[in-house]
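Reviewing the structure listed below.
The values are calculated or read from the model by the stated rules, or taken from the named source; none is laboratory data. These figures come from a predicted structure and were not determined experimentally. Note that we place each Cβ from the backbone using ideal geometry, even for glycine, and neighbour counts take in every protein chain shown. Heads up: the accessible areas ignore ligands, DNA and RNA and are worked out on the full protein's heavy atoms, side chains in. Shrake-Rupley method; radii C 1.70, N 1.55, O 1.52, S 1.80 Å.
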Amino acid sequence: MAQFQRPTLCCCRKVLTVPSKSCEGGQGLGQCRLVDIASASNFHCFKLRHFHLDLRLNFAVKEITGWQVLELVAIQPGVQTLVLDTHPSLLIHSIDCKVPGTTGAQDISPSLTYRVDPFTDYGSSLNISLPAYVIRPHRAFQITVRYTTTDGPAIWWLDAELTCGQTRPLVFTQGHSVCNRSFFPCFDTPAVKSTYTATVRVPEGVTVLMSASRSAYSKQDRVFQFSMEYPVPAYLVALVAGDLQHVDIGPRSRVWAEPCILTCAVSKLGGSVERWLNVAEDLFGPYVWGRYDIVFLPPSFPIVAMENPCLTFIISSILESREFLLIDVIHEIAHGWFGNAVTNATWEEMWLSEGLATYAQRRITTEAYGEAFTCLETVFRLDALHRQMRLLGDNNPVSKLQVKFEPGINPSSLMNLFTYEKGFCFVSYLSQLCGNVKRFDSFLRAYIEQFKFSSVVAQDLLDFFLGFFPELKESCVAQREGLEFERWLNGCGPPLCEPDLSAGGVLTGPVQSLCDLWASEPPDPEAIANFNLSSWSTFQTVLFLDRLLDRSPLSHEVMGQLSRCYSAQLDEMNAEVRIRWLQIVVRNSFYPDLPRIRGFLHKHTSRMYTVPLYEDLCSGVMKCFAAEVFYQTQARLHPNLRRTLQQILFQTSALPTPTGSAPSLLHPTPLSPSPTPRDQLGSADPPTTGTIALRDVNVSA
Ligand SMILES: [Zn+2]
């Protein structure tokens, strides 16, 4: 087997995984073997300058129809084919080509010939034959693709009943990581960035929003116009359309939501967002995207939040859990610098986006809410990382920061806590090396300034780090024994070191004390009564419940005592707290609290709350109960979620034990008996084995 070549960048900043010949005059001559894009063999040959989408949304038949114009420049001579990523759900009607500035027959060519080939279960390959006169190096040309797309992995049509208001349908897109090839043909890699514009036509009463820096609306024509003036990768192009209204919450921010939840959403965020943006700008330099708006989506949104530039998408289910809402929005704000301005060039190094964004998020919360709160939140997440580690085993390749995909692997399956938390620990280690957190802030500001609007590989970050701190380079910090940068990137297992979180002791101490009291035999009710959960923060309570869950199975007596102590009290708390208590109930088969589970599943129809509970119910002795609740509630679930839950209900595998071997995520998941595109969606549709229950990866994208 060929040895893994670490991705590098050619001097023209194209990503390479096979050493290149020297690159002359910005012409990429290297080879790229990214296995997740059909366009890998080809995208070095072109520069994508800009693209335009002209789309009509048809809710009645759940179709998007229109055309896309790609403005390209050939940067290598002799290329006869343009290869783009697409998807079987996207039907191409015609493709033609135009060379601006030329006259006569060459101005508009007749339709081009093209072929769609199978590629993987998450996409196909669109091969367009280019006329000979087009392929002149450094000359611009335009390709127009007319197409219709229906319900591919990127596009989520919601019938009115699935929205919060239940009066009008809604559609949103979710591109991360490799889904947008079903939205429009593209170079579906974070290595390629371009500006885009869009024209979107909709029925009356529908408002359209996109991840764009400018927008305009013509009421007469019912046409929305968008422009993203800064280069973005394909996965960050996003659209939502429905009954949406807004309230301004700051000089550059508004909250968008369906009318029935708008007031609540505004009350939870008003006043805070501008403050967080200001803290982030003080730390990392100017916010480059102009606007920072947030749109709340119905519970069918398959993840918690998505950092679409200028317009964070976030699930409305999180509104009731104030501290989680705060962390999730700050995390998405941090992506404005880390992930969106500077992007990982390949999905094999997703930690460059998530690890840095998580570090930046915690710098912001430290400044805004203090060190103790930030350390508590970090302890809670690192607990989850270690839980995942126990499930996966020390040698699982998903625990590497730098992974290598096998052909066919869907990069979305990389959405695990290692990307976030091991990445965070490595960034914290770099920060520790330079001795002073403020000095590291100034390094991050310089890093953003140096690489903004481009895509990078790990080597860029590390070279820039050592160049910024020459004394560290001189003292060979990259080779420090046991903590080698190479080992951080390529080693399996837990982080090589974790930051000092003792400042959180004032908040985590009582949590651990109460856990210890419950672990003693028998638990001492008087000592336990000294702790009042209602005076705790949400993160303290969820940390407590997670640690109790780790100790399951608990004796029936202890469960009875826990239930008497907390059940009614926890009922009054938010969903993040309640789901954890209910998981304890299920994993310990504590029947007296079963009605609470029914109540919760009747109320909560989002993936992030239903999937972990159904997984626990079905791997224990409560499968019949799960089936009953499923049949009562299925009409209110999105069809994709319904399919996932059906799979959970009808599969027989049990929860793996901590010592059991977990399936590797680096190999493609086998097709289900009746495969649908969305069943292959990694981040939206996590493995249903319980190995990485969403509870463990309940992190924003
Ligand atoms: Zn993120």
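Taking residue 425 as the residue in question, decide whether it is crowded, with 17+ Cβ neighbours inside 10 Å, in the same structural domain as residue 549 (by the TED database) and in a helix (DSSP H, G or I). Judged against the criteria, residue 425 is not a match.
If you go through the stretch 362-373 and pick out every residue that is among the polar types (S, T, N, Q) and open to solvent by 10 Å² or more (accessible area, probe 1.4 Å), you end up with 1. Check 513, 534, 455 and return the single one that is of a type in the set (S, T, N, Q) and not in a helix (DSSP H, G or I). After ruling out the rest, the residue left standing is 455. From the list 168, 181, the lone residue that is within 30 Å of residue 346 (Cα to Cα) and either open to solvent by less than 20 Å² (accessible area, probe 1.4 Å) or not aromatic (Phe, Trp, Tyr) (or both) is 181. The criterion of being aliphatic (A, V, I, L, M) and open to solvent by 30 Å² or more (accessible area, probe 1.4 Å) holds for residue 247. Quick check, is residue 101 over 29 Å from the mean Cα position of the chain (by Cα) and either within 24 Å of residue 45 (Cα to Cα) or open to solvent by less than 20 Å² (accessible area, probe 1.4 Å) (or both)? Taking the combined requirement at face value, the residue satisfies it. Of all the numbered requirements in (1) assigned to a loop (DSSP other than H, G, I, E, B); (2) open to solvent by less than 20 Å² (accessible area, probe 1.4 Å), residue 286 misses one, and that requirement is (2). Quick check on the stretch 428-437. Is at least one of its residues under 22 Å from the mean Cα position of the chain (by Cα) and either away from the ligand (no atom under 14 Å from the Cβ) or open to solvent by less than 30 Å² (accessible area, probe 1.4 Å) (or both)? So far as the stretch 428-437 goes, yes, one or more of its residues are under 22 Å from the mean Cα position of the chain (by Cα) and either away from the ligand (no atom under 14 Å from the Cβ) or open to solvent by less than 30 Å² (accessible area, probe 1.4 Å) (or both). Can you spot a residue in the stretch 247-259 that is within 20 Å of residue 607 (Cα to Cα) and either within 16 Å of the ligand (Cβ to nearest atom) or part of a helix (DSSP H, G or I) (or both)? No, there is no match, as no residue in the stretch 247-259 is within 20 Å of residue 607 (Cα to Cα) and either within 16 Å of the ligand (Cβ to nearest atom) or part of a helix (DSSP H, G or I) (or both). Among all positions in the stretch 223-235, there is at least one residue which is among the hydrophobic types (A, V, I, L, M, F, W, C), outside any strand (DSSP E or B) and under 20 Å from residue 345 (Cα atoms).
Condition check ((1) within 26 Å of the chain's Cα centre (by Cα); (2) closer than 22 Å to residue 322 by Cα; (3) buried (at least 19 other Cβ atoms within 10 Å of the Cβ)) across all residues:
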{"site": "564", "(1), (2), (3)": "no, no, no"}
{"site": "568", "(1), (2), (3)": "no, yes, no"}
{"site": "600", "(1), (2), (3)": "yes, yes, yes"}
{"site": "603", "(1), (2), (3)": "yes, yes, no"}
{"site": "607", "(1), (2), (3)": "yes, yes, yes"}
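Could you go through the stretch 483-505 and let me know if any residue there is over 19 Å from residue 382 (Cα atoms) and open to solvent by 50 Å² or more (accessible area, probe 1.4 Å). Scanning the stretch 483-505 turns up at least one residue that is over 19 Å from residue 382 (Cα atoms) and open to solvent by 50 Å² or more (accessible area, probe 1.4 Å).
Yes/no matrix, rows are residues, columns are (1) within 24 Å of residue 338 (Cα to Cα); (2) within 23 Å of the chain's Cα centre (by Cα):
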site: 185; (1), (2): no, yes
site: 195; (1), (2): yes, yes
site: 200; (1), (2): no, no
site: 204; (1), (2): no, no
site: 215; (1), (2): no, no
site: 250; (1), (2): yes, no
site: 253; (1), (2): yes, yes
site: 260; (1), (2): no, no
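For residue 524, the criteria (1) assigned by the TED database to the domain that holds residue 579; (2) crowded, with 17+ Cβ neighbours inside 10 Å hold in every case but one, which is (2).
Within the stretch 397-413, the set of residues being farther than 10 Å from residue 351 by Cα and open to solvent by 10 Å² or more (accessible area, probe 1.4 Å) comprises 397, 404, 406, 407, 408, 410, 413.
Residues in the stretch 464-493 that are assigned to a loop (DSSP other than H, G, I, E, B) and either on the phi > 0 side of the Ramachandran plot or small (Gly, Ala, Ser) (or both): 475, 476, 482, 491, 493. Look at the stretch 276-296: where a residue is hydroxyl-bearing (Ser, Thr, Tyr) and a partner is open to solvent by 10 Å² or more (accessible area, probe 1.4 Å) and not in a loop (DSSP other than H, G, I, E, B), sitting 6+ places away or on another chain with Cβ atoms under 7 Å, you get 287/281. Of all positions in the stretch 326-345, none carries a residue that is over 17 Å from residue 193 (Cα atoms), polar (S, T, N, Q) and buried (at least 24 other Cβ atoms within 10 Å of the Cβ).
Residue 234 falls short on exactly one of the conditions (1) over 16 Å from the mean Cα position of the chain (by Cα); (2) more than 16 Å from the ligand (Cβ to nearest atom), and that condition is (1).
Could you tell me which residue of the stretch 616-644 is surrounded by the fewest Cβ atoms within 10 Å (Cβ to Cβ), considering only residues that are hydrophobic (A, V, I, L, M, F, W, C) and closer than 14 Å to residue 161 by Cβ? Filtering the stretch 616-644 for residues that are hydrophobic (A, V, I, L, M, F, W, C) and closer than 14 Å to residue 161 by Cβ, the one surrounded by the fewest Cβ atoms within 10 Å (Cβ to Cβ) comes out as 635.
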